[in-house]
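No lab work stands behind these numbers, since they all come straight from the coordinates. Given the structure is predicted, the values throughout are model-derived calculations rather than measurements. Counting neighbours? That spans all protein chains shown, and the Cβs are built from the backbone with ideal geometry, glycine included.
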Amino acid sequence: MVDLTEHTRLLGEVSRTLRELSTEAGRIRKGEIAKPVREIAPLSLRVHELAAQCTRQVHDLSVSHYPTTEGGAEALARLAGACAQISLAATLCNLAIHHRTEIYLYEDADPTPATSADQLRRAEREMQRAATTYRAVAQQLSRRLASFTTHPEFLHHSPTLSNATPPTLAARRRT
């Protein structure tokens, strides 16, 4: 059984992490990007790792009872879309590295950081959009879990919600 309270906490953490990573992309974008691999690769790795973690969470939620809860399938679809945005942001970071390093390979490459900065700007946007989605889904799930604890009768009257009993309610029933 999936602990929806824990997943709610994780959703909120992802939103905060995405905002931090977006800010980091902005800081790098505003610089000279003189050492693109050293400057951008750590950001790219963190975004790729986050994309993998988020994909794992979407998978875990998808094989649980969560999709059968009220609004669960729609929220899961939104999270899957946000995972794609995070993955795209990671790829854009890699493209920013590539565009800045291609001056070593091609005579006609742009010697300025403009193209890389544009890729980082796009990565920022994708991360901000994903953060907004994660925050909204976390708030929705948090409100739903709060209503379970204040109105446990909903759990007994709704077959689609009965599987979503948070651990705190189950623990209360045992005592």
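The phi-based Karplus calculation (6.51 cos²θ - 1.76 cosθ + 1.60; θ = phi - 60°) puts the 3J(HN,Hα) values of segment 29-39 at 4, 6, x, 6, 6, 6, 10, x, 5, 5, 7 Hz, whole numbers, x for Gly and Pro. Among the chymotrypsin sites (Phe, Trp or Tyr not before Pro) in segment 106-151, those placed in a DSSP loop whose Cβ has at most 11 other Cβ atoms within 10 Å are Tyr106. The gain in end-to-end length when the Glu6 to Thr101 segment is fully stretched comes to 30.0 nm, 0.36 nm per residue minus the alpha carbon separation. Take each peptide in 127-133, 32-38, count the other Cβ atoms within 10 Å of every residue, and average; sorted highest first, the result is 127-133, 32-38.
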